[in-house]
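Below is one structure; the comments refer to it alone.
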Amino acid sequence: MESACAARSTCHAAAQGRPYACFVREDTRIPFMAMPDASRALVALLEPPAGTLTSTVYNVRAFAATAGEWAARVRKAFPAARITFAPDPRRQAIVDSWPEELDDTRARRDWGFAPRHDFGGALDDYLIPAIRHRYGG
């Protein structure tokens, strides 16, 4: 997921004091899920009793923030962050082809999927502390 990688890259650059030019528009929605939620979803999918699953394919989602919302949250955590937007037409077109939201109703109904991290929690409780720890900040 190219834009999710860009969202993480924004955090890494900010923690290292490096500028980051985001390759999508500020209003671009970026689907994202914290790794612990993704891991829990995979494990939970293996646990339901036989016959309770109604599909062989499930969508799972946590949140879809805009690139601008990511930048604002990163600047809150790293006030010296230098984040700009320089959309790359090819990459922007790829991200624009993705759905902004996914319907995970079946996963929630069939096996009780529920992410623990919303946008704020994913950054404040998971991603930013891990990045700070990595760079000693």
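The values are calculated or read from the model by the stated rules, or taken from the named source; none is laboratory data. A quick note: this is a predicted structure, and the numbers were derived from the prediction, not measured. When the accessible area is computed, the model is the full protein with side chains, heavy atoms only, and any ligands, DNA or RNA have been set aside. Shrake-Rupley method; radii C 1.70, N 1.55, O 1.52, S 1.80 Å.
At a glance:
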read-out	value
C-alpha long axis of helix 67-77 to longest principal axis of the chain, angle in °	70 degrees
From the coordinates shown, Rg/Rh (Cα atoms, Kirkwood Rh) corresponds to which of [x] 1.03; [y] 0.94; [z] 0.98	[x]
Long-range amide H partners of A21 with built H, under 5 Å	T84
³J(HN,Hα), Karplus 6.51/-1.76/1.60, whole Hz, each residue of segment 54-64, x for Gly, Pro	9, 8, 9, 9, 10, 8, 10, 8, 10, 7, 9
For A65, residues with placed amide H under 5 Å, excluding near neighbours	I30, F32
Solvent-accessible area of L46 with every protein chain in place, 1.4 Å probe, in Å² to the nearest 10	150 Å²
Whole-Hz couplings from phi, Karplus 6.51/-1.76/1.60, listed for segment 40-47; x for Gly and Pro	4, 5, 5, 5, 4, 5, 7, 9
Phi to ³J(HN,Hα) by Karplus 6.51 cos²θ - 1.76 cosθ + 1.60 over segment 123-136, Hz, x for Gly, Pro	7, 6, 9, 10, 5, 5, x, 5, 5, 4, 4, 4, 9, x
